[in-house]
Structure formats: structure tokens, C-alpha cells
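**Student:** Submitted below is the structure of interest, expressed as C-alpha cells.
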Amino acid sequence: MKDYIPYIIFGLTSGAIYGISAMGLVLTYKTAGVFNFAHGAVCAAAAYAFYDLRELQGLPWPVAAALAVLVFGALLGLILERMALVLANVSTAYKIVATVGLLVAIRSCIVLRYGAEALPFQPFLPQETAFRIEGVRVNYDNVIDLLLGIAAAVALFVFFRASRLGTAMRGVVDDAPLLDMTGQSPAAVRRSAWIIGSVFAAASGVLFASVQQQLDVNILTLLVVQAFGAAAVGLFRSLPLAFVGGLAVGLLQKLAGKEVASHAELQGIDTNMPFLVLLLVLLVARRQQLVEVGRHIKERAVPPSPFPAWVRTAGFAALTVFILLVPQIVGTKLAFWNVTATQVILFLSLGLLVRTSGQISLCHIGFAAIGAAGFGHMLQHDVPWGLAVLIGGAIVIPIGAIIALPAMRLPTLYLALATLGFNIMLAQYAFGKSYMFGFGRLDARRPDVWGMEDDKRYYYLLVTIAFLCLLLVLAVERSRLGRLLRAMSDSPTALTTSGMNVNVTRVMVFCISGFLAGISGALYASLFGSVNQDSFNYLDSLVVLAILAISGRRTITAALVAAFLYKGLPGYVDTIASALGDQDPVQVQTCLNILFGVLAIAAAALSQGQFQNWLSDRGTVWEERSSGPRELRYQTVVAARRAKRPRTETDRSDELVGAGSGGRHG
């Protein structure tokens, strides 16, 4: 038992921090109905703010902690409350897009200011020995972290049970107008909840950086994954159970780390323990316990194109000519266009899943990585190049079917959580194994025929494959399966009552989407001769969703635009940097990521046609300002007619109609 005591101590310390973060996440979700995927980014931002105030500005740590947690955390809470209010009337999928965009934007802002490399972080809590258990030291910082977590959990429990504001927070999502009738402002209640939740997130970020003794933007941003596992124990609603879940996740993580240390094939299981807990809860909990908080908003249908058919045909013809002429136009940038061609397939895959079927995937970079690994291993076994590409895509099909299992029983939000957790587990556990990339490089190559080593010839091969995948997606969308997918996105219940099997449809779309993503990964790997586990950044699964959201709502055009924004535009970063006065190209790329995140938030906020409605309202106002109200213009016409001819029965009926229209105006 003595051997386990250090792991129990560190597990409880980390678990208390996970619990604090999870309680902040659950609190904001319960009161606003918006599950904040950027919760970990708030943790990271507060930790970096504390570092800046203490290390760079020289403030004492208590002052720096108060400013970073209480002031900066509260300000972030106010901003998030405003964003949540804007997102109140959009669909769950777009709420996820907006918070993912916020995560991308905040993370990129941190990288722009402090760089992507980890920074040393000196602990600020006392490190002296408080007492010993079986000869094992327990430091004061361990005790303080645990006591802070317990105190926060107890305080929140009492607050919700004994205070009027706590009671109001429990009712604001269920019936805000009823709460308003009692004299309690729903806006003030939501604002208070977001402030408290963000302060908790800020505190957990600062404490976690102190425990880790380093600032790593990726680790801190993904602290939210630990919170996911903890919040799942409380079924994303119970604050006390969320804290208990944090302690459980921390203990399991450290104890698993001890057990797998001597088994190379199991290493990485400990870091993925939060996801395993999350997945277990999502699979075991009853469907009635995993109902999304807040109103269900139906996503607005894609409006018809404002352009006539001949304009669209001419546009696609011009685009086709441009694509064929790219090798003669772009010069040394052709390598980036080759990469772009492979990513068109990735966005076709993601668009088929998100746009057509209305489901969310945050693991498509993981799908592409599996396809690349399968492609590389097939080449090592002397499989012909074309067959190796197809096998790389086919390997992802059963993985897609497995991921579809949660999709059969989970709403959109929890499916997004499951796919994000799978994506992170894949990167942290499987990428380093021999059946994927290992710790070296996995060889990949281009076909050995027709001089494909030449970038121009290979470009046309990639464009041909992308075109075939585009035809496949078009065939799916226009087939009976496509109609079922659109019906499932519109109303799964109605599709079920008509006798259709929704589960089979979900599995099929995940399999097709995974197949296309695997082909994209295989072609991407072939461009470089070899790939490793760093070739596929799991955080890019968030970036690609944000980029897809700003690229339009039609699957084909969105895939083309998104692929260029994702991989084509970065090829011109050095040109943009030179035009801006010899700026650092890395900083310019980081600024582009910030822009992608902000635009994703805007796309989500305007997804229900708010901008078009505003333009329509403005048009009515401008018309009335220039010509007068409608009934006044009508009366002017009637008066002019009366002046020219004698009064008739028609004039009397016109007066009656005019009076009626005036009464109905507005």
C-alpha cells in the first residue's frame, strides 16, 4: 500500500483541480444551455495572465492571482455571457461551432503573445512538508489544492440550496420568462453564473500550471477534456458529483500511470483516462439522462441560390478552367495547391457529415491519420499504390462504424464530446504505437508510373481523385440515402415514425465520411515521402470545423473554399507578411487562425438568418423614410384620383380598404 500513497496524493491534488474546472463548466451549461468547448482556453488564458503579471510585470503572487482569477476571469465571464445570449436561438451544432471557434481564437492569441513553446512556471504555493503518510511527504500545496476544491464544492452546494440567486440559476434555462415575472432578471442570473464559472475556470488553470510547473498552451487548453470526464460523472448537471468525478478521474489517472509504466503497449492509457470515463458514462447512462439543456432550435434550411442556373454553370466552368491552369499560374506555390487538393476530400467528408446529415465530428484529423498509417503500412508490404490508397480509406470504415455507436443514442452535443475525446485519445495513445506511426517516420511515396515525382503531373492525379470523390458525394446527396440524411437532420423522430431505421443511416454516413477522410490522409502522406505522429495535429480537428463553418452551407463549394483557406492560403503567408512590412510569417498564420475562430463565431451567430432579417427591416425603414408609410402613400393616390373625377362607389370601397390596411400596418 505504501507504494500507492504518492500516486493517491498526486491523484487527489490533480483531481481537485479537475473538479474545480468541471464545476465551472457544469454551472455555465446548466444556466445558459451552452456547453463551452472553450472552457479549457479560459483556463489557459488565466494561467498566462498570472504568469505575465507575476513574472513579466513583477507583481506579488497574491496580487497577480487576484487579478488573473477574480478580475480577468470575471471579465471573460461577462464576454462569454454576451456570446451565450447571442447563441441562445441557434442550433446545438452552431453552438458547438461558436465555442470551438472561440477556443481556436483564444489559443491563437496566446500563441501570438507568448509563443507555442512551453514556458517554465514556478509554483507559488508553499512547498514545505505539511505531514507524512507512511513516510511519504504531503506538501502544503497538495493540501491547499484539495481544500480549495472541497471548499468550492461545498460553497456552490450551499449557494444553490440556500440562496435566492442559486434557485434562480436552476430555473433560468427551463423558463426564463417565468423567472422574469418573479422580479428576478434572467440576464443578471446568467451573467452571475458565467462570472462564477469563468472564475472557477481561471482558478483551475492557475493551479494546474503550478502543479505542472510549466505553461503549455496545448495542455492547458485541453484541461477541458479532464473536465469533460469529471462532468460526465455528474451527468453534466450535478455540481457535487462533478467534483467527485474530478477526484475519481485524478485518482484513476495516477494509479493507471503506475500500473502501465512497465507495459509499453499500455502506456498512454493513463493520460486518456478522462476520455475513457467520459465514453463509459455516455455508453452506460440512460438516454433520458443525457438530454441537452435548453431549447431545441431547428437549424435553418439552406436557402436557394440567388443566382440563376446559367450563372452557376458559368461560374463552375470558370472554376474548372482555373483549376486546370493552376500548375501554369502558381509557379513555386504548386506544392501548397497539391496539399489543398488532398484537403478538398477531407472537407467533402466532413461536409457530408455536418452539412447533409446534421451530425458533428471533432475527430476527422484522426480519421485522416488512420488512413495515412494504413496507406504507409500497405506500401511496406508491396501493395500497389492505388490499392494502398483504397485500403487506407477502407481501414477507417470500421472505425467510423464504431464512432457511430454513440451517434445512435446521443444528441449532437454528446456526440461532439465523444468524437473529441476519441480524437485526443488516438493522438496521445495510438499515434506512437507500431501499428500507426511509431516513434520514427513511416515511409509513404507517390506512384512509380508516369513521372509522378513531378509536382505538375501529380497535381492532376490528385485533382482527378478529388473530382471522383466529389462525384461520390454528389451521388450520395442525390440518392435515396441523401434524402434520408437530410430528413434525419431535419427531424429524426419523423423519420423513425415513417418506418425508417435512423441508426442504419447514421452508421452508413459515418462509414462513408470516414472512408473519404482516410483517402485524404493517404494522399496527404504520399506528398512528403514519409509521415510521423506530428504530421497530424489533433487540435486541427477543431480548426477544420471552424473553417468549414465560414466556407458556406453547400457541401461542394464549402469543401473547395475551406480547403484553400486551410492549406492553400498558408502558402501565401510569406507574401502577405512581406506586404505587411516584413512581418513574421508564423505570426501572420497565427493571426489567420484568430480570424478563422472569430468568423466561426460570427457564422454561428448569424446562422438563423439574423443578418438577412436585419437587412429586410432596414429596407422597410429606408423605404418609409424616403416615401412615407404605406397607408399614407395609398391615401395620397386616392386623393389624387378623387380630385380628377366625381366620387363613385369604387372610391367608397377604396376608402374602406385603405382604412383596413392602415389598421393592419406594422
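**Student:** Would you check if GLN343 is part of a loop (DSSP other than H, G, I, E, B) and buried (at least 18 other Cβ atoms within 10 Å of the Cβ)?
**Tutor:** no
Rundown of residues vs (1) out of contact with any strand residue (DSSP E or B) (no Cβ under 7 Å at 6 or more places or on another chain); (2) within 20 Å of LEU278 (Cα to Cα); (3) crowded, with 24+ Cβ neighbours inside 10 Å, yes/no style:
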residue	(1), (2), (3)
ILE9	no, no, no
ASN36	yes, yes, yes
LEU67	yes, no, no
PHE72	yes, no, no
LEU78	yes, no, no
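**Student:** Within the stretch 525-541, work out how many residues are under 14 Å from ASN423 (Cα atoms) and of a type outside the set (Asp, Glu).
**Tutor:** Selection size over the stretch 525-541: 6.
**Student:** So which pairs qualify, if the first residue must be in the stretch 346-361 and in the same structural domain as TYR566 (by TED's automatic domain parsing), the second must be β-branched (Val, Ile, Thr) and in a loop (DSSP other than H, G, I, E, B), the Cβ gap must be under 7 Å, and the two must be at least 6 apart or on different chains?
**Tutor:** Hits for this filter: VAL354/ILE360.
**Student:** For the stretch 222-287, give me every one of the helices (runs of 4 or more DSSP H) that falls completely inside it and has 1 or more residues that are free of Cβ contacts under 8 Å to residues at least 24 places away in the same chain.
**Tutor:** 239-260, 273-284
**Student:** Show the residue pairs meeting these rules: Cβ distance below 7 Å; 6+ apart or different chains; first residue within the stretch 419-436 and within 15 Å of CYS363 (Cβ to Cβ); second residue aromatic (Phe, Trp, Tyr) and assigned to a loop (DSSP other than H, G, I, E, B).
**Tutor:** Short answer, once both residue conditions are applied: ASN423/TYR538; ILE424/TYR538; ALA427/TYR538; PHE431/PHE437.
**Student:** Could you please tell me which pairs satisfy a Cβ distance under 7 Å, a separation of 6+ or placement on different chains, a first residue in the stretch 369-384 that is not assigned by TED's automatic domain parsing to the domain that holds SER541 and in a helix (DSSP H, G or I), and a second residue that is at pLDDT below 90 and of a type outside the set (Gly, Ala, Ser)?
**Tutor:** From residues that are not assigned by TED's automatic domain parsing to the domain that holds SER541 and in a helix (DSSP H, G or I), there are no pairs.
**Student:** Sticking with this one: Name the single residue, out of those in the stretch 447-460 being surrounded by fewer than 20 Cβ atoms within 10 Å (Cβ to Cβ) and touching a Leu at 6+ places or on another chain (Cβ under 9 Å), that is nearest to GLY521 (Cα to Cα).
**Tutor:** Out of the qualifying residues, it is PRO447.
**Student:** Tally the residues that are surrounded by 15 or more Cβ atoms within 10 Å (Cβ to Cβ) and among the hydrophobic types (A, V, I, L, M, F, W, C), restricting the search to the stretch 323-334.
**Tutor:** Residues that pass the stated criteria total 4.
**Student:** Residues GLY205, GLY246: which one is within 27 Å of GLU117 (Cβ to Cβ), buried (at least 21 other Cβ atoms within 10 Å of the Cβ) and at pLDDT 85 or above?
**Tutor:** GLY205
**Student:** I'm told PRO304 meets every condition in (1) assigned by TED's automatic domain parsing to the domain that holds LEU472; (2) closer than 18 Å to ARG553 by Cα; (3) part of a loop (DSSP other than H, G, I, E, B) except one. Can you identify the failing condition by its number?
**Tutor:** Every condition holds for PRO304 apart from (1).
**Student:** Follow-up question, since we're still on this one. List every residue pair whose Cβ atoms lie under 6 Å apart, where the two residues are 6 or more positions apart in sequence or sit on different chains, the first residue falls within the stretch 305-327 and is at negative phi, and the second residue, located anywhere, is assigned to a helix (DSSP H, G or I).
**Tutor:** VAL326/TRP337; PRO327/LEU334; PRO327/LYS456; PRO327/TYR459
**Student:** Considering each residue of the stretch 504-555, count those that are closer than 21 Å to ASN338 by Cβ, more than 20 Å from the chain's Cα centre (by Cα) and part of a helix (DSSP H, G or I), and give that number.
**Tutor:** 12
The values are calculated or read from the model by the stated rules, or taken from the named source; none is laboratory data. Fair warning: this is a prediction, and the values are worked out from it, not measured in the lab. Neighbour counts are summed over all protein chains in view; Cβ atoms, including those assigned to glycine, are modelled from backbone coordinates with ideal geometry.
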